[in-house]
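To start, the structure itself, in structure tokens.
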Amino acid sequence: MGRPARFDSDVLVAAATALAARGGPAAVTMAAVAREAGAPSGSVYHRFPGRPALLAAVWLGALTDFQEGCSAALAAQDPLAAAADAARHVLAWSRAAPDRARVLLYSDADFEAERWPPDARERRDRGNARLGTAVVAVAERLRAPGEPADTALERVRTAVVDLPLALVRRHLAGGGTVPARAEEAAADAALRLLTPRP
């Protein structure tokens, strides 16, 4: 039986994620990842055919992990609870995985998505569509009588995406950390924005 690979894809993606978190997407080169992981350059090329595939793995690793928790939160039966839990998740996840959170503060275009392998772009699109559908479903359930669907959707996006990400950005800027109290601040803001007025 052969020995397990010392530098598997997960190890290399973790090294690349750390580099991206510290220096942005431009810091992720094949040679830099090899140095960060303490691996021979050949190990990186063995796992990834080129830099675009590596950048895709970094972005999608962070995105998939984030979206799983967000989708689970949005599936709650009570739509207000779902929105508050999703807003809370953005902060909790960013506190638990700050390097991955810093990656997602960039856009996929910053990670050269146009050069990713087709299967990576398809994976991104499927994940985004799944999460988008979940957000639309919550918005529809929170829609006030007579309120246009796009207005309700904008309120929910503001509550569960824009405001929580603004908090993440503020706390992670300059190497900071996300405090635990920020989770409840995000959830409270979502509830205040989305609770129907009497």
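No lab work stands behind these numbers, since they all come straight from the coordinates. This one's a predicted model, so the numbers in the text were calculated from it and none came from an experiment. Note: ideal-geometry Cβ built from the backbone for every residue, glycine included; neighbour counts use all protein chains shown.
Quick notes on this one:
- Segment 6-29: number of residues that are surrounded by 14 or more Cβ atoms within 10 Å (Cβ to Cβ) and under 18 Å from D110 (Cβ atoms): 12
- Considering segment 142-168, and only residues there that are touching a helix residue (DSSP H, G or I) at 6+ places or on another chain (Cβ under 6 Å) and of a type in the set (G, A, S), the residue that is farthest from A97 (Cα to Cα) turns out to be A152.
- Every condition in (1) under 15 Å from the mean Cα position of the chain (by Cα); (2) under 25 Å from A18 (Cα atoms) is met by W116 except one, and the failing one is (1).
- Residue within segment 181-195 that is closer than 22 Å to E68 by Cα and of a type in the set (K, R) present: no
- Residue match in segment 42-59 (condition: within 22 Å of R157 (Cβ to Cβ) and either in contact with a strand residue (DSSP E or B) (Cβ under 6 Å, 6 or more places away or on another chain) or touching a residue at least 24 places away in the same chain (Cβ under 8 Å) (or both)): yes
- All conditions but one from (1) in contact (Cβ under 8 Å) with a residue 40 or more places away in the chain; (2) over 18 Å from G50 (Cα atoms) apply to V136; the one that does not is (1).
- Selection within segment 17-32 - more than 14 Å from D99 (Cα to Cα) and part of a helix (DSSP H, G or I): A26, M30, A31, A32
- Residues satisfying the stated conditions in segment 163-178, i.e. outside any helix (DSSP H, G or I) and either of a type in the set (G, A, S) or over 13 Å from R88 (Cβ atoms) (or both): G176, T177
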